[in-house]
Amino acid sequence: TAGRISDPEARARLLEIVLLRQRAVAAWGFAQVTPCEVTRIDGSTIRLRDESLAAGLAEPSATSYEAEVMGDEGERLATLGPLPVDGASVSVTLPAATVSSRDYVVVRVRARRATEAAPRWLEVHAETTADGLRLVGVRH
């Protein structure tokens with residue numbers, strides 16, 4: 001019947017093709033954005049995980065990151081980079097003067113693979129508190 005393959009070699013090859021296609025689609029999707037997620041915030045340091053690196057879909061040695069800190073009116077407060085990377089983890093530490101002088105900041109992070117910058121920045125929106133940053137939202 002349709003969809004049932006009894007030949008074990010054909011089943012194995014079909015599975016291999018489907019998994020390769022799945023990786024290609026995921027790699028393409030991750031390449032359209034900066035595929036980072038916030039894992040935690042320690043004071044004025046935002047910790048991110050690059051999902052493309054974590055999935056093995058990008059080369060760590062060819063990956064770098066830059067960041068911009070923006071005020072709530074869209075003004076650029078600081079430019080940071082290259083950012084420290086540990087495996088798939090990226091750390092963005094905001095300058096103390098930036099955190100202490102603002103109530104709200106937007107931290108924009110962009111991945112670069114070799115010479116190609118990601119088309120879209122990750123935006124981390126945060127309120128500043130006496131203890132550091134408090135996550136408000138994330139935009140990819």
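The values are calculated or read from the model by the stated rules, or taken from the named source; none is laboratory data. All of these numbers come straight from a predicted model, not from anything done at the bench. Quick reminder, even Gly has a Cβ in these numbers, built from the backbone with ideal geometry, and neighbours come from all protein chains shown. Heads up: the accessible areas ignore ligands, DNA and RNA and are worked out on the full protein's heavy atoms, side chains in. Shrake-Rupley method; radii C 1.70, N 1.55, O 1.52, S 1.80 Å.
Solvent-accessible area of Thr63, probe 1.4 Å, all protein chains present, reported in Å² to the nearest ten, please.
The value for Thr63 is about 20 Å².
For the stretch 1-64, evaluate the Debye formula with one uniform point scatterer on each Cα (no solvent term) and list log10 I(q)/I(0) at q = 0.20, 0.24 Å⁻¹, rounded to two decimals.
-0.84, -1.01
In percent, what relative contact order does the chain have, based on Cα pairs under 8 Å that are 6 or more apart in sequence?
Relative contact order here is 23 percent.
Using a 1.4 Å probe on the protein chains only, how many percent of the accessible area of the chain belongs to carbon and sulfur?
52
From the phi angles alone, apply the Karplus equation (6.51, -1.76, 1.60; θ = phi - 60°) to the stretch 12-25 and give each ³J(HN,Hα) in whole Hz, x where the residue is Gly or Pro.
5, 5, 4, 4, 4, 5, 5, 5, 5, 5, 4, 5, 5, 5
Could you point to the residue in Ala26, Val124, Leu83 farthest towards the positive end of the chain's charge dipole, with +1 and -1 charges on the Cβ of Lys/Arg and Asp/Glu respectively?
Farthest towards the positive end: Ala26.
Accessible area per residue of the stretch 28-75 at 1.4 Å probe, in Å²?
Details: 2240 Å² over 48 residues.
With the other protein chains kept in place, the stretch 28-75 gives 47 Å² per residue.
Give the distance, in whole Å, between the Cα centre of the stretch 98-122 and the Cα centre of the stretch 68-84.
6
When the solvent-accessible surface of protein heavy atoms is calculated with a 1.4 angstrom probe, in what order do His125, His140 fall, highest first?
In descending accessible area the options line up as His140, His125.
Multiply the residue gap between Arg11 and Ser61 by 0.36 nm, knock off their C-alpha separation, and tell me the result in nm, one decimal place.
14.5 nm
Given charges of +1 on the Cβ of Lys and Arg and -1 on the Cβ of Asp and Glu, with all other atoms neutral, how large is the dipole of the stretch 14-140 about its Cα centre, in debye to the nearest 20?
Its charge dipole is roughly 300 debye.
For Glu9, Glu16, Glu123, what's the largest-to-smallest order of accessible area, 1.4 Å probe? Provide the component values of the computation, followed by the final result.
On the way: Glu9 150, Glu16 90, Glu123 30 Å².
Order by accessible area, largest first: Glu9, Glu16, Glu123.
In nm, to one decimal, how far is the modelled label at Arg23 from the one at Glu127, with both set 7 Å along Cα→Cβ?
4.4
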